[in-house]
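Structure, as structure tokens:
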Amino acid sequence: MNLKYLKRMAWLGKQNIKTSIMKTVKKSSDKGQKFTFPPKKEMERVIKYFSDPNCQEINQGLMPNASELDKAKYDICQSISRYKRINNLTPDKLAQKIGISQAKTDDILFGRISELDLSKLITYTEKLNGHLKVKVDYGNEKTPATTH
């Protein structure tokens, strides 16, 4: 058990910590390893570190009252993060592929949407050969018929 694992647990969010721990316990037991938590002092140190509001290594979640613009930016950030994971890219390789700084890549990967511009996010997606689809939903309201 190390700091990298604890960072990953914090990144997953409180709801997923139990699931993450159970998967790790199962993986450890499948390999014949005994699962143990780090010492209490280490756990307290890591919790304190990630509880700091200025901590830059925590994925920013989307607020429940987020604007449509923020939702669009967040969705694109999540899409780029999935691309990174599926293609087994390091953050450095992703930054190189898009042509941006490591700091800007971290903003994307950690969902810091206030630091990002929608048009630039679209450009980054295009550099990864992604295609953007826009869907407008008016709920129950009737919309005018479209003409082609």
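With each label modelled as a point 7 angstrom along the Cα→C-beta vector, the I86-K34 pair spans 4.2 nm.
From most to least packed by mean Cβ count within 10 Å, the peptides 96-107, 126-137, 59-70 give 96-107, 59-70, 126-137. Separation of the range 119-135 from the range 46-89 is 17 Å, based on Cα centroids.
Values quoted throughout were computed directly from the atomic coordinates according to the rules given, and no laboratory measurement underlies them. All figures in this text were calculated on a predicted structure; none of them were measured in a lab. All Cβ positions, glycine included, derive from the backbone under ideal geometry; neighbour counts span all protein chains shown.
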